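Contents: one structure, followed by commentary.
Values in this text are rule-based calculations from the coordinates and carry no lab data. Because the structure is predicted, anything quoted here is derived from the model rather than measured. Every residue, glycine among them, receives a Cβ derived from its backbone with ideal geometry; neighbour counts consider all protein chains shown.
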Amino acid sequence: MSDPPNLLERLVRAGVQFTVVGGYAAVAHGCTYTTQDIDICCEFSVANLLALQEAVAELRPVHRMTPTRGALNLTAESAMDFKNLYLDTDLGPLDCLSYVNGIGDYEQVRQVSRPIDINGLRVYVLGIDALIVAKQAMNRPRDIEAVRQLKALKALGEPPSAGGKAM
């Protein structure tokens, strides 16, 4: 079962430092894009990754991109070995990135993000201009379509997320 708002709520409540990027960010800006996962760019510090692990612990997180699909089991030592985490959880896939193509690392991503309200929570989402740059850098068919929609939404004026309410 995919439940992105619940997954985001767990991250926010655990104090995880992150910004929503990817398809869910496009949806927050008004795209008709469908996505089953959440892509976030987050600070890959030991403290932040351990907070992330705690946030999803009850959701049985496993490493999606490994043959063994091992359980997420970070320690202070092992947390520094990762640049990205691709997880499956009971609430859906969660991709945790330390870098976004076309934008940069977490600090650079955060600078071009804006807070929005998702189900009563303040969540940072990549701004529409930065999202266009990131989607263009990926250049996959679904990203090309997202860019087309994002540019159309931008031409219409302020995106829905700017008013503080989304989803």
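Using a 7 Å offset from the Cα along the Cα-to-Cβ direction at both Asp90 and Asp129, what is the distance between the two label points in nm, to one decimal?
Output for this residue pair reads 4.3 nm.
Order of Val21, Val46, Val112, Val56 from fewest to most other C-beta atoms within 10 Å? Write down the numbers at each step before the final one.
Values: Val21 27, Val46 15, Val112 18, Val56 22.
Taking fewest neighbouring Cβ atoms as first place, the list is Val46, Val112, Val56, Val21.
Would you work out which of Phe82, Val125, Phe44 lies farthest towards the positive end of the dipole of the stretch 37-167? Charges go on Cβ: Lys and Arg +1, Asp and Glu -1.
Towards the positive end, the residue furthest out is Val125.
So in the chain, what percent of DSSP beta bridges are antiparallel if you round to the nearest 5?
On the way: 21 of 28 bridges.
Around 75 percent of the beta bridges assigned by DSSP in the chain are antiparallel ones.
From the square roots a ≥ b ≥ c of the eigenvalues of the alpha-carbon gyration tensor of the stretch 78-128, which class results: rounded (a/c under 1.5), prolate (a/b over b/c), or oblate?
Details: a/c = 2.28, a/b = 1.15, b/c = 1.99.
Here the stretch 78-128 falls in the oblate category.
Under 14 Å from the Cβ of Tyr99, count the other residues' Cβ atoms, weight Lys and Arg +1, Asp and Glu -1, and hand me the total.
Cβ neighbours under 14 Å give a net charge of -3.
Counting only C-alpha contacts under 8 Å and six or more residues apart, can you give the relative contact order of the chain as a whole percent? Could the numbers behind the result be given before it?
Working: 308 pairs, mean separation 45.8, N = 167.
Dividing the mean separation by the residue count of the chain yields 27 percent.
Using the count of nearby Cβ atoms within 10 Å as a rough guide to exposure, how do Ser2, Ser98, Ser113 rank from fewest to most? Working shown, then result.
Values: Ser2 13, Ser98 16, Ser113 23.
Fewest-to-most Cβ neighbours within 10 Å comes out as Ser2, Ser98, Ser113.
Just to check, using Stokes-Einstein with a Kirkwood Rh over alpha carbon pairs, what's the diffusion coefficient of the chain at 37 °C and 0.692 mPa s in µm²/s? Could you put the intermediate results ahead of the total?
Values: Rh = 16.0 Å.
It comes out at roughly 205 µm²/s.
Nothing charged except the Cβ atoms of Lys and Arg (+1) and of Asp and Glu (-1): what's the magnitude of the dipole of the chain about its Cα centre? Round to the nearest 20 debye.
460
Return the calculated 222 nm mean residue ellipticity for the chain, to the nearest 500 deg cm²/dmol, obtained by summing -39500 (n - 2.57) across DSSP H runs with n ≥ 4 and dividing by the residue count. Intermediate results must be reported in sequence, preceding the final value.
On the way: 6 runs with 60 residues, N = 167.
Rounded to the nearest 500, it is -10500 deg cm²/dmol.
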